[in-house]
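Encoded as structure tokens, the structure appears first; notes follow it.
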Amino acid sequence: MSHEPALSTGAIGVEAVSMTKRFGDFTALDEVTLNVRPGTFHALLGENGAGKSTLVKCIMGFYHATEGGLLVDGHEAFVRDPVDAQKLGLGMVYQHFTLVPALTGAENLLISRADAPGVINWRAENARLEAFLDKMPFRVPLDRPTSRLAAGEKQKLEILKQLYLGSRFLILDEPTSVLTPAEADEVLGHVRALCEAGEISVLMITHKFREVTQFADDVSVLRRGKLTGSGPVSDLSHDDMAQMMMGHQPERKEINRTQTKGDTVLSLRGARASDRSGLKSIDIEALDVAAGEILGIAGVSGNGQTELMEMLTGQRRLLGGEIRVKDQPYGASRAEATALKVRYLPEEPLQNACASRMSVAENLAFRLFDHGADGRPKLWKNTRQILDNAKARIAEFNVKTTSPHSPIAALSGGNVQRAVLARELTGDVDLLIVANPCFGLDFAAVAAIRGRILEARNKGVAVLLISEDLDEILELSDRIVVMSEGRIAFETAAATADTAEIGTYMAGHA
Amino acid sequence: MSDTTATQTPPMGALLARWLPRAEALLIPLAALLCGLAVFSLFLLTLGKSPIDFYALIYKAGFSTAFSWQNTLSRVAPLLFAGLCVALPARLGLVVIGGEGAIVLGGLAAAVLGLAVVGAPPVIGFVVMAAGAALMGGLWIGAVGWLRFKRGVNETIASLLMAYIAIALMNHLVEGLFRDPQSLNKPSTAPLPEALRVGDMPIGIDVHWGFAFGVLACVISWVLMDRTTIGFAARIAGDNVRAAQVQGLPVGKLIIGFTALGGACAGLAGFFEVSAIHGSANGSLISGYGYTGILVAFLARHNPLAIIPVATLLAGFEASSGLIQRRMDLPDATILVMEGIVFVVLLLSETLYGRLAIFNPTFWEKKA
């Protein structure tokens, strides 16, 4: 069987014509018309829940539009399922990676083919893959398990996979949410080049205006299922786009930073641990966070931030050095965390900070169920107290849930994060350790969560913010350090921070 | 999308969110049990036997008269304890299936300790025997928890393999070191004196005290799981171990503690088997209660209170085995086939949780 890793035979245009999708009474998509011209880069903007995902899922055949149609390459097309879409040359790169981590790049590419051979002649396949890569504007190492690739490389591999499968129209779903600005620019630059070369057309879902301006030809904006604007990017300013997205100028309330910097609360000295692969080590020579300041740790995903978080939460054993909180040795046991008032907001809260089968009320009780107000351990669970606490937190932090008894997994991402924040910020807190608090949340939730973190800082809480979103670090931090290859590579005050300089250290080039 | 649903929260929402999960936990296993029995009926039909006769005989032999209840209830005790040996670790997300090993070694420990304290007041004798059996079982299954926590050894496989070791160890010891020279055909430990035999409860039918203590153990386990902060912490760790670690909860202690507690229950089952039924430790201890206990715990959704009726039902099934053998000319193992089929259907039903619309609050809210 000779599968030619077909380099796409030219970009095709896709047009959604007056597309409507209803789920029961709910109209997720309301007569949306959107035209991606062949060989262009089209950006699709909109808040979470605006209908972007529904639209692309209708194009890809995951959903069938209730009304309206689809033109592919000028012909009316009915896409029954994603397999159909692939046959038509439509491909999609998802926000989260779909590579099999244990398999190499080459294996991932091969198994993605619908006609993957039962017995693989690796010599021949490798030669073909090599020939395919030669025609590509960028390369990715194909010989190692994809789990060892950096996020940017994985995303490039996802795009290569689509080209390898012969996609001529590519949907990118927030492709840069896991990348650094530099990686994002590189990946999107390559995509842009492929568009200009007439190989593919692209529809990219994004939240970032900067990417729209820099890379897209056209932009369409959805709001609550309706198309609120569309046109060439050159005709639209960021304010115009924001207007279309939000319906009104979003309020940008600057929370006052009160100058409350106090004593050092958290300090790491020579703290060492092995990384996840066990091959490299994490080595934090010196790191201090004082009361009333937010220390932002910037860095490309996979440079030891996850491990640092695990060291701080007691999930990763220290091989040397020490962690001190308020000048006392800290091992992250429950007693220590309670006594020293340390709270955590890990990334992906549903996976790392919640018991998904337990109720909202029970999840809100994790910090208080086992000791009384006096700090003495309790044997009997107080159901009344758990429920009262839940009602108060739900109201105070505006957590949207049907009932305190609902399983926490039934909540939307923003509300899970609000619930965890409510739990961790209630009571006396002296140290808050946060990782990627706003990943995947919509505009309103992001603003609320960041507001709470700043508020805590102003109350004198020492905040350690580990984030892969540089904008978030720049917005919230008083001081910024950059983590690269398990070490602190750079430190600067946020007020005088130079983004380019931070970027070079993040990329490990300094 | 989410803001629209939240603003029109119906007043029954809270009620539904609270009760639907309980209805789900009751109705799905019940339906699985009935489906399993239906499939088993087909099996009977292929043998040319009447399912109606079969179930009528189960009722007759297990639940119809005082005598049949006596037959049933005397088999409940080991199933209650064996069920707890599965249900307690299950709270931490562990599937322990080697309760049989703890029963066997618990029984042996009780028999040997009983002989060692002959002459002491019976109260002391019983306490020593029961404590020894519980300790033995606790160490045995606790070791499974320790291996799991310290070395990441799969607890299901470890507990099963350790059950084989336990059985071999018991056989070895009753045929050697602890063998009563008088026991000729069936190697056994020396018989316990009458004073150290657990007797029947004063309720008119011959059911030994193990039943009462088994029920008590279920109630205590339920209180531990549902009413104490320890049980709450265990639920967190069982649901999401990473969240438990971030909360600083002592995950290792919980895992080892709950597995040891489960093992102690199974050890007590061995104690009651030896002291109330057999009078000595021998091969009769290997009776499969540990394995039936797995089915009990799964049917009960690992809820200790639900274990009581479920264990009674299954004890009734097992009690009817003899009558079915005589009246229907079916082999002894027929009941095991039935239990096996029910178990497979039950495991299949696990995939239904969270997928049936009628257990989803929005289904009812739309109707209202």
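The modelled label-to-label distance for the pair A:H96/A:S18, using points 7 Å beyond Cα in the direction of Cβ, is 3.8 nm. Contact order for chain A, expressed relative to its length and based on alpha carbon pairs under 8 Å spaced 6+ residues apart, stands at 16 percent. Remark: the range A:371-498 projects, on average over all directions, an area of 10.2 nm² (convex hull of Cα atoms). For the pair B:L352 and B:A56, the difference between a 0.36 nm per residue extended length and the Cα-Cα distance amounts to 103.5 nm. Contact order for chain B, expressed relative to its length and based on alpha carbon pairs under 8 Å spaced 6+ residues apart, stands at 35 percent. Would you mind getting me the FRET efficiency between B:Q325 and B:A66? Use the beta-carbon distance for r and R0 = 25 Å, nearest 0.05. The calculated FRET efficiency here is 0.65.
For A:L103 and A:D239, the difference between the fully extended length at 0.36 nm per residue and the C-alpha to C-alpha distance is 44.5 nm. Partner shielding of B:236-242 amounts to 6, given as the average count of beta-carbon atoms from other chains within 10 Å of each residue beta-carbon.
What the Cα atoms of the range B:100-248 give is an Rg and a Dmax of 19.1, 59 Å.
Multiplying the residue separation of A:R317 and A:E396 by 0.36 nm and subtracting their alpha-carbon distance yields 24.8 nm.
Dipole magnitude for the protein assembly as shown: computed about the Cα centre from +1 point charges on Lys and Arg Cβ and -1 point charges on Asp and Glu Cβ, it is near 2420 debye. As a rough guide to protection, the peptides A:473-485, B:287-299, B:40-52, A:78-90 ranked by mean Cβ packing within 10 Å, highest first, stand as B:287-299, A:473-485, A:78-90, B:40-52. In this Cβ point-charge picture (+1 for Lys and Arg, -1 for Asp and Glu), chain B has a dipole of about 700 debye about its Cα centre. Amide H contacts of A:R168: A:L90, A:G91, each under 5 Å away and 5 or more positions distant or on a separate chain (H built 1.01 Å from N in the peptide plane; Pro and chain starts excluded). By its C-alpha gyration tensor, with a ≥ b ≥ c as the square roots of the eigenvalues, how is chain B shaped: rounded for a/c under 1.5, else prolate for a/b larger than b/c, else oblate? Oblate, since a/c reaches 1.5 and b/c is not below a/b. Taken along the Cα-to-beta-carbon direction at a fixed 7 Å, the label points for B:Y164 and B:K186 span 2.6 nm. A dipole drawn for the range A:14-246 from +1 and -1 charges on Cβ atoms has a positive end, and of A:P145, A:H96, A:H190 the residue lying farthest that way is A:P145.
On a per residue basis, the convex hull of the C-alpha atoms belonging to the range B:1-151 measures out at 288 Å³.
Oblate is the label for the range B:109-174. Its Cα gyration tensor axes, ordered a ≥ b ≥ c, give a/c of at least 1.5 and b/c at or above a/b.
Listed cross-link partners A:K21/A:K208; A:K52/A:K87; A:K87/A:K208; A:K52/A:K208 are compared with a 20 Å cut-off, the Cα-Cα value being larger for A:K21/A:K208; A:K52/A:K87; A:K87/A:K208. Neighbouring Cβ atoms from other chains, within 10 Å of the Cβ of residues in A:219-227, number 0 on average. If a/c stays under 1.5 just call it rounded; otherwise compare a/b with b/c (prolate if a/b is bigger, oblate if not). Do that for the range B:266-361, with a ≥ b ≥ c from the square roots of the Cα gyration tensor eigenvalues. Because a/c hits 1.5 or more and a/b fails to exceed b/c, the range B:266-361 counts as oblate. With the convex hull drawn around the C-alpha atoms of chain A, the volume per residue stands at 170 Å³. Most tightly packed first, judged by the mean number of other beta-carbon atoms within 10 Å of their residues, the peptides B:140-148, B:217-225, B:99-107 read B:99-107, B:140-148, B:217-225. Along the axis of the charge dipole computed for chain B (Cβ charges of +1 for Lys and Arg, -1 for Asp and Glu, origin at the Cα centre), the listed residues B:A315, B:V117, B:I141 are led at the positive end by B:I141. Across the range A:14-246, Cα pairs under 8 Å and at least six residues apart give a relative contact order of 30 percent. Within 10 Å of the Cβ of each residue in B:353-359, the mean number of Cβ atoms contributed by other protein chains is 1.
Ordering A:S167, A:V342, A:H64 by Cα displacement along the dipole of chain A toward the positive end leaves A:V342 in first place; charges were set at the Cβ atoms of Lys, Arg (+1) and Asp, Glu (-1). Of all DSSP-defined beta bridges confined to the range A:14-246, some 55% are antiparallel rather than parallel. For the protein assembly as shown, the mean residue ellipticity at 222 nm estimated from helices alone is -15500 deg cm²/dmol, where every DSSP H run of n ≥ 4 contributes -39500 (n - 2.57) and the total is divided by all residues, rounded to the nearest 500.
Considering only beta bridges that DSSP places wholly inside the protein assembly as shown, some 60 percent are antiparallel.
Based on the Kirkwood approach, the hydrodynamic radius assigned to the range A:14-246 is 18.3 Å, with every pair of different Cα atoms included. The charge dipole of the range A:14-246, taken about its Cα centre with unit charges on the Cβ atoms of Lys, Arg (+1), Asp and Glu (-1) only, comes to about 520 debye.
The numbers here are math on the coordinates, done by the rules we state, and not lab data. Since the structure is predicted, the reported quantities are computational estimates derived from the model, not experimental observations. Glycine also receives a Cβ, built like all others from the backbone with ideal geometry; neighbour counts cover every protein chain displayed.
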